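What follows is a short report on a single structure.
The values are calculated or read from the model by the stated rules, or taken from the named source; none is laboratory data. Bear in mind the structure is a predicted one, so any value in this text is a computation, not a measurement. Neighbour counts are summed over all protein chains in view; Cβ atoms, including those assigned to glycine, are modelled from backbone coordinates with ideal geometry. Protein only, heavy atoms only, side chains kept; ligands, DNA and RNA dropped before computing areas. Shrake-Rupley method; radii C 1.70, N 1.55, O 1.52, S 1.80 Å.
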Amino acid sequence: MQATRRFPRVARLAGMLAAIFAAAYPAVGAEQGGAVEFLGRPAQLVVSPPSITLRDRRESVQLIVSGRFGGGVDRDLTHLVKVEVVPAGIVEVSPTGYVRPLADGSANLVVRLGDREASIPVEVASHGLPSRVSFRREVIAAFSVAGCNAGACHGTPSGKNGFKLSLRGFDPAADFAQLTRDQSGRRVNTLDPDASLILEKGEGRVPHEGGQRLVPDGDYATLLRDWLNGGAPADPVDLPGLVSIQVNTGTRVLHAPVARQQLSVVASFADGGSRDVTRLTVFSSSDEDVAKVDGDGLVTFGRPGEVAILARYLGQLVPIQLTYVDPGSSKPWPDPPVNNHVDKHLYAKMKLLGLAPADLSTDDVFIRRASLDLLGVLPKPEEVRAFLADGGADKRSRLIDSLLERPEYADFWALKWADLLGVNRRSIQAKGTYSFHLWLRDRIAQNRPFDEVVREIVAAKGSTFVNPPVNFFRNDRVAKDPQLLAQNTAQVFLGVRVSCAQCHNHPFERWTTDDYYGFTAFFSRVTSKSDPLYPRIARFNTGALVIEDDRSGEAIDIRTEKVVAPKFLGGEAPEIKPDQERRAVLASWMTSEGNPFFARQLANRTWHHLLGRGIIDPVDDVRDSNPAASKELLDQLAKELISSSYDVKKLIRTIMNSRIYQLGTLSDAQALGGEKYFVGAVVKMLPAEALLDALSAATDSPEVFGDPDRRNADVGQRRADKAAAVRETFGDLPVGMRATQLSDGDVLQHPFLSAFGQPARETSCECERTGDAGLGHALQLVNGPSIFQKLSKPDNRIGKLIGAGQEPPAILEELYLASLSRPPTDAERAAGLAYVVKAGDARKAWEDVQWTLLNSKEFLFRH
């Protein structure tokens, strides 16, 4: 009543909604009010678990009540039903379905929704006996739920304010010592639990930088008091370990109008016992814009979509996928044509979620997109004209085939892999950079099976100046560190980030420290020595290294200080014979059909480079809690890669010939959150090298990397000039060379490339190449030296057109075709010609026109 008096608008809105639902659905029972009137009458109520046994006063259980509706639809009704305990007094049931014991005995829980009813038996035993609180199973879990042992709090390696806990409780023994022995035991007070520092700070009764983490008299504060009242005991040494956890709800599709799902979690232990640990589990959502999950395990969707909910109890993590669909808010399905299985899988997902794809892109957009994605270059005006004039139904497929055979394809895709493999002269020397880059380009140009390419890299040995792929092991960051070698290898070739498992079990994935050091052991015998054939010459020319595998060297777990044998990531520990090299064994496993990561990662990374985001995104963060837009699609692409002997060009043809790749763009409002499912083309800024090449091509003014006029200058003068010194070291590059052909970004430290996010190649993450617009970008484009010089050069495209006596309409069309890969619209044509006619200096006017085109979003972005 107070709410309706204070908020009359809310009351009126609630009344309107109740009336709408009452008209649309048959009522299920007036005694339960408007909260459930809109649901209709379920055919059956299903209660989980089907029976409950509470074996001590501390045990409790989360009920899950589902309603079976027409059409095979299940809806979560846990928070809508009424539960009666018959006879009363044995257990209590909260409005959220949480069952707690009150006294020994037997009873039935009668669950009702309208005229539908279900009943389950409940048994309580040993309620009157003392119940020991388990430090490992309960106290540690309570700290995790409260966030006390998170990385931002006391779980940081150095702790906070002198109090350090192991991250997310991975080392309970150390945590017990910290709580009960450190600081003379001042953090706990078993004689007066309320005076314990962990309660005083946790409840906010004394200043605490982390704020209040425990609700006074709440579940977790009560649990800690019970532990302290019991003498703050350690667990028995033979306490059965945790084996697994199960999220009883499992993967489910939720149907409107119910947009909530209660979860429950049951832990299984080594002695065969089990226990409900829902309230001791940490939950997280993979996409909080779609759905949020609270500390009690209630998932609430904000809009239709899919999420992975991660449940973590102690060292066990289980993800489940939930999907919410709402036909009432869905777009009408346009039933578009299907080109291949790519469309089939993603259209099925879009249809399920009520999303509608964009229309097909226009031909001018397609040729520009395909040329930039495959070659990193703009199509020439004559190529655009020919493509637009081609009336063949298969012209897009023929264009893809022709682009794949051009040399620019190998240049551009070698650039992509060089980014990931650390090809930079600071780490592997200039000669190593050139040779490794050339080796990559050669393999891509030949379309060599990519599993073969990866085996050559992972098992490489020899001189870094003689055997180019061995430079992967020279990089300064990893040459003497098998752990970094393992991390980079897993991230680049398997798409898995394992670095978090170095000191503790991975917080968001199944990887343990045993997995981490087992994988590291494959690189623990990598050694290097100077190559006598290519010795050190100067400070910045340290010569070549010879990379070899020693006969000794082991991975040591920093926690246990024990030797860890080589173990495949997510697999078994192989038997490695004395005459076998560990990296060769690893390379064979990585590229085998039995590897669950490699083919999927290659397919996903290729998709990312063509469509702007991965099927799993980020592409190098593959985990169960980061679900794919379509697991079925990714699995099929991976299978096709394997069956084609890792033919990357064939994979690219499949992707680019799909209608999904060829879709037009949608605004955010039109996409309705469907960007993840590729309802429209991704709009992204061109990579730095491709953008500089596009400026050069549009203006017909090639970039000059180096200064030919300085080649004969005095050596001392050149050394005095830093930029000239760089050119002296690395040589001037041929006029007309494109930025996408550069072996690395350190050739000249080009200001335009640096401003637009050319990576330093210091990490193995795709994220190192940035694509966000900023002030530096604007300054380079508005009046930077690159664009100014290209537009003002006398013999550039404008100069040639004027010199050839071309009429203004022809010049305007040529500039549009060269810059935007399309002819001008009627409005653009009229405005452009009017501007030139009014100008006193025609040359300057044409420069202004093209400057406007080059600063447009249409030019700067791939769309």
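Rank by packing, highest mean first: peptides 460-468, 614-622, with packing defined as the count of other Cβ atoms within 10 Å averaged across residues.
For the peptides 460-468, 614-622, the packing ranking is 614-622, 460-468.
Ignoring ligands, DNA and RNA, what percent of the accessible area of the chain is carbon or sulfur (1.4 Å)?
53
Say a paramagnetic label sat at a point 7 Å from the Cα of S528, along Cα to Cβ; which residues of the range 546-572 have their backbone N under 20 Å from it?
It comes to 546-555, nothing else.
Given the pairs K380/K838; K160/K562; K431/K567, which are separated by over 31 angstrom at their Cα positions?
Listed pairs above 31 Å: K431/K567.
Could you work out the helix-only [θ] at 222 nm for the chain, with each DSSP H run of four or more residues adding -39,500 (n - 2.57) and the total divided by the number of residues, to the nearest 500 deg cm²/dmol?
-10500 deg cm²/dmol
Using the heavy atoms of the protein chains alone and a 1.4 angstrom probe, what is the accessible area of the chain per residue in square angstrom?
Solvent-accessible surface per residue comes out at 44 Å².
By a straight-distance test (C-alpha under 16 Å), which lysines pair with K649 as possible cross-link partners, with residues fewer than eight away in the same chain excluded?
Straight-line reach from K649, under 16 Å: K416, K639.
What distance in nm separates the simple spin-label points at V782 and A839, each placed 7 Å from Cα in the Cβ direction?
Calculated label separation equals 2.0 nm.
What FRET efficiency, computed as 1/(1 + (r/R0)^6) with R0 = 51 Å and r the Cβ-Cβ distance, is obtained for E858 and V237, rounded to the nearest 0.05?
That gives a FRET efficiency of 0.15.
Specify the angular offset, from 0 to 90 degrees and rounded to the nearest 10, of the alpha carbon long axis of helix 407-420 from the longest principal axis of the alpha carbons in the chain.
Once rounded, the angle reads 40 degrees.
Please provide three numbers in whole Å: the alpha-carbon extents of the range 333-373 along the principal axes, with the largest listed first.
33, 17, 15
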